[in-house]
1. For every other residue with a beta carbon closer than 15 angstrom to the beta carbon of M271, add +1 if it is Lys or Arg and -1 if Asp or Glu, then tell me the sum.
2. Round to the nearest 0.05 the FRET efficiency obtained for N224 and Y49 when R0 = 45 Å and r is the Cβ-Cβ distance.
3. When the Cα centres of segment 100-126 and segment 212-282 are compared, how far apart do they sit, in Å?
4. For a quick check, take a GNM of the chain with Cα springs below 10 Å and name the residue from A266, A154, A60 with the largest mean-square fluctuation.
5. If you take the C-alpha gyration tensor of the chain, multiply each eigenvalue by 5 and take the square root, what semi-axes do you get, largest first, in whole Å?
6. Considering Cα pairs under 8 angstrom that are at least six residues apart, work out the relative contact order of segment 43-278 and quote it in whole percent.
7. Among L95, G51, H203, flag the residue with its Cα farthest along the positive direction of the charge dipole of the chain, charges on Cβ as +1 for Lys/Arg and -1 for Asp/Glu.
8. Nearest 5 is fine: what % of DSSP beta bridges in the chain come out antiparallel, could you say?
Amino acid sequence: MKRAITLSIFAIAIAALISCTGNKSNKAGETSTPPTMQPVVKGTEITYYDGSTPLKGYIAYDESLTGKRPGILVVHEWWGNNDYSRMRANMLAELGYVAMAVDMYGNGLILDNPKDAQNTANQFYTNPALMKERMLVAYNTLIADSLVNAERIAAIGYCFGGAVVLNSASMGVPLDAVVSIHGGLTGFKATPEMKNVNVLICHGGADPFVPQADIDNFKSEMQNMGVNYEFKVYEGATHAFSNKASTEAGKKFNMPISYNAAADSASWSDMVTFFNKYFPAK
């Protein structure tokens, strides 16, 4: 009985000793690793202006970070600045950027059918000056944000937005990096203004809206002008492969578009790798 009581007292003493020492490692000088801070993304709806035209944008950033950080403009598909582009802005904020979902159309216009979407998008394809103007207004709005390092601005775009960011760079909008995801390449012209711009193209290998002739022209233009670019192809992926809503839209409007989870994941991963190389968040 006395032996049992003695062992019990000894066990309690050992437990108390461990508790007091905080379970520290026996290795000299070794300390515990502090937990990694998780992103705390905050999104804010904003109204900015192109002359008298109100533009409805969205800015996202990580509240857990301090100091200025690079900014990224996110340009929507031809449907308008909807929840999809805002979602992508949030994802970029999680990576440590300040991201702004741009309203190219004005008044927060969102289209619900391809005819109206095409007609609205064509106003910018046929009027490059308007395209540049709207991008510059968005650019100036983003760099005015107190959290943004105005010397480091990039842009990404989807479908219509991919063509917008690529052509904006060629027209001299001061961007450090550009990513076009299932964007159009029709009639693209590289310019000397792009010499310091790094470009990533994420292309669906089964995209009927981007013919091989456009791809060949793009590569030729970039090579002749000496612009640094990467061109990724995702086999079997159609137009709009990154948007989960594209499958339903394709069926509803009889369009050759659909979501491709593998291409979506790969393109985002390729973009993150590209940014880490040419446009890091820190």
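1. On the way: positive: R88, K232, K277; negative: E94, D176, E230, D264, D270.
Its environment carries a net charge of -2.
2. Working: r = 38 Å, r/R0 = 0.85.
The value I calculate is 0.75.
3. When both Cα centres are located, 20 Å separates them.
4. Result: A266 has the largest fluctuation of those listed.
5. Largest first, the chain gives 47, 22, 20 Å.
6. 15 percent
7. Towards the positive end, the residue furthest out is L95.
8. Working: 14 of 42 bridges.
Approximately 35 percent, going by the DSSP bridge assignments.
FYI, it's all coordinate maths here, none of it is from the lab. Just so you know, these numbers come straight off a predicted model, no measurement behind them. Ideal geometry is used to build each Cβ from the backbone, glycine not excepted, and the neighbour counts take in all protein chains shown.
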